[in-house]
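Engineer: This is the structure I want to talk about, given as structure tokens.
No lab work stands behind these numbers, since they all come straight from the coordinates. Keep in mind that this is a model prediction, so the values were computed, not measured. Here the Cβ positions follow ideal geometry from the backbone for every residue, glycine too, while neighbour counts run over all protein chains shown.
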Amino acid sequence: MTSEHGSERPPSKRPATRTPEFFLAAVLCAAAATRFFRLGHQSLWFDEVFSLDVVEKPFSALISEALRDAVHPPLYYILLKPFAMLSESEWILRLPSALLGIAFVALMYAVVADMLNRRVAGVAAVICLLSPFHVFYSQETRMYTLLMVMALLSTFLLHRANDREQRAAWTMYSFSIFLLLMTHYVAVGLVVAHGIWAILTGKRRKASQQSGGDLRSSVVTGWIASVAVAGLLSLPWMIGILQHGQKLGERTEDGSLETAIYSLVGTFLSFNFGYFEGLFREGNLVLALVGVASLAALIFWWQGVSSMLSSRNQRAMDPSALILLSLIGATAFSFLVAVFSIFHLPRYYSAAYPFGVIVMAAGIVAMWERRRPPAVIGGALLLTLWCIGLRNYYCNPVYAREDWRSVSRFMQRHKRPDDVLVFNAAYEDIPFRHYFRDTFRKQGLPSVNRPSEGLVEKEARPIVVDTDSRRYWLILCYDHITDPQSLVRKWFDANLRRIEEHSFSQIDVILYEDAGSVSR
């Protein structure tokens, strides 16, 4: 076992204490509290209902649906299906992610304690405990918490396989990367980073004449064999994707270098403070805190990288390099995806999140040991913003997910049998249908994102002319994506009479009445 500075630690003659066990138990209890608190309070939003829609299908249809998806393989849906069979309540559907979030905190402590030391492990566990970013995805019916768990676990298993002379360890690693790739395809970058680390480690050992021809010296061979096994396990799935899957090129809108750079900056802020955009609404004081805390986070990250690279001990250097390369590889691949496709949100960088936490924890420990007052100030700034982020996430309606549950209740009270519901895209009624179980007349408008004024006129007029209804509910969600110029709303305002308008957490519901001005 190595010390914080990488030197060999002599065996301790002091009696063993249970302090680490008590600390971990306390952290896990707190992690359970932050993940279970108000777990079912918010409505399911679009992506969560999409998950439910997939798992409610028979197993063969579930697999077919996952095959057609560009980035979401079936592993999470398979794990979610038994919970969906128990109940459709928000609490039950989010329970798998909450449990995975708690497990991630425990795994983080165990992995970092083994690869680095207990002090960094404790700080990393506390960061995960309070991280608004991680709490958010621990309360969402999507696969991103599972992705973080598998990213950290597969990296640790590679470290163990390299550290032990056991083929079983390499077998476990190969199975873990198979599960990782069946969780999310953006994890490809992490597997490539593992390979780069294996090559560099093999070269360094050969140069220092530490190679003896055993399993530990053949880390490159072990990685290649593990990837080959994972590839064979994935082969039927890959063939299915080639035959039936949606191509990533079909989702290239919004992809650009500028978008990717913005996503990278936003991901850094999200990893450190949660969804940072809302913090800008808090006022100048919080905005100033974000700026200063961002600087503190950068310093901690820099200190973490420096401390991990400064080790002179070979056994300590290998895991440090693995952690850093995993962070770089996972981030770089997600960045490239953002350049060429629509997938540019912070959640698509989730495979890099565990390693960012470790680097920050190492930086906090390094600064604490060298410059304690700055470490206290920087840590206090981060803690303050974490608390603000958690408060907003739990209690501030501005941060709430799309409230389809309230929209459904409102429509149950106010919709008439002949009313027509017009959604701003053909697929936007999916979450509404989950809560609104009665029949309703529905139209999707526009048929494509970013329509022209002529297309809106062509598609909107028949909705009014060809129906016998006089009342039209325009239900808008994500219209900044589907109709950024608000052409649909403008057409309704120009041709119908607006009666009332209501907002439900990112959803606008507007009632229009036809006064006979639209020619039939």
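Engineer: Among SER306, SER43, SER131, which comes first, second and so on when ranked by fewest other beta-carbon atoms within 10 Å?
Structural biologist: On the way: SER306 12, SER43 23, SER131 27.
By the 10 Å Cβ count, ascending: SER306, SER43, SER131.
Engineer: Using the per-residue mean of other Cβ atoms lying within 10 Å as a proxy for protection, in what order, highest first, do the peptides 372-382, 283-293 fall? Spell out each step's value before the answer.
Structural biologist: Values: 372-382: 15.7, 283-293: 13.5.
So the order, starting with the most tightly packed, is 372-382, 283-293.
Engineer: (1) 20, 50, 24, 5, 0; (2) 17, 44, 35, 5, 0; (3) 23, 53, 21, 2: which one is P(r) over Cα pairs in 20 Å bins from 0, in percent as calculated from this entry?
Structural biologist: (1)
Engineer: Report, in degrees rounded to the nearest 10, the 0 to 90 angle that the Cα long axis of helix 453-465 makes with the longest principal axis of the chain.
Structural biologist: 50 degrees
Engineer: Under 20 Å from the 7 Å Cα→Cβ point of LEU242, by amide nitrogen: which residues of segment 58-94?
Structural biologist: Correct set: 64-74.
Engineer: Counting other beta carbons within 10 Å of each residue's own, what order do HIS502, HIS344, HIS72 fall into, fewest first? Let's see the in-between values first.
Structural biologist: Details: HIS502 13, HIS344 25, HIS72 20.
With the sparsest Cβ surroundings first, the list reads HIS502, HIS72, HIS344.
Engineer: What's the long-distance tail for segment 409-520, i.e. % of Cα pairs beyond 16 Å? Mind showing how you got there, number by number?
Structural biologist: Working: 3473 of 6216 pairs.
For segment 409-520, the fraction of Cα-Cα distances above 16 Å is 56 percent.
Engineer: Something else now. Pop out the ³J(HN,Hα) list for segment 494-508 in order, Karplus 6.51 cos²θ - 1.76 cosθ + 1.60 with θ = phi - 60°, rounded to Hz; leave Gly and Pro as x.
Structural biologist: My calculation for segment 494-508 gives 7, 10, 10, 9, 6, 9, 7, 9, 9, 10, 9, 6, 6, 10, 9 Hz in order.
Engineer: Residue farthest toward the positive end of the dipole of the chain, with Cβ of Lys/Arg at +1 and Asp/Glu at -1: which of ALA380, LEU80, LEU52?
Structural biologist: Positive-end residue among those listed: ALA380.
Engineer: Would you mind checking the pairs LYS57/LYS490; LYS415/LYS490; LYS81/LYS415 and listing those with alpha carbons more than 29 angstrom apart? Present the calculation step by step, with values, prior to reporting the outcome.
Structural biologist: Working: LYS57/LYS490 38 Å; LYS415/LYS490 23 Å; LYS81/LYS415 33 Å.
Pairs exceeding the cut-off: LYS57/LYS490; LYS81/LYS415.
Engineer: Tell me, ILE299, ILE261 in order of fewest to most beta-carbon neighbours within 10 Å?
Structural biologist: Working: ILE299 17, ILE261 14.
Placing the least packed residue first, the sequence is ILE261, ILE299.
Engineer: Also, quick follow-up: Arrange the peptides 153-159, 194-200 so that the one whose residues have, on average, the most other Cβ atoms within 10 Å appears first. Mind dumping the intermediate values first?
Structural biologist: On the way: 153-159: 25.1, 194-200: 19.7.
With the highest mean Cβ count within 10 Å placed first, the list reads 153-159, 194-200.
Engineer: If you take every DSSP beta bridge whose two residues both sit in the chain, what share of them, in percent to the nearest 5, is antiparallel? All intermediate terms of the calculation are to be shown ahead of the outcome.
Structural biologist: Values: 13 of 21 bridges.
For the chain, the DSSP antiparallel bridge percentage is about 60.
Engineer: A further question on this structure: Given +1 on the Cβ of Lys and Arg, -1 on the Cβ of Asp and Glu, and no further charges, what dipole in debye does segment 19-399 carry about its Cα centre, rounded to the nearest 20? Working shown, then result.
Structural biologist: Details: 27 positive and 22 negative charges, 267 e Å.
Once rounded to the nearest 20, the dipole reads 1280 debye.
Engineer: Going by amide H atoms built from the backbone, whose H comes under 5 Å of the H on LYS442, apart from near neighbours?
Structural biologist: Amide H to amide H, under 5 Å and 5 or more residues apart or across chains, LYS442 pairs with LEU421.
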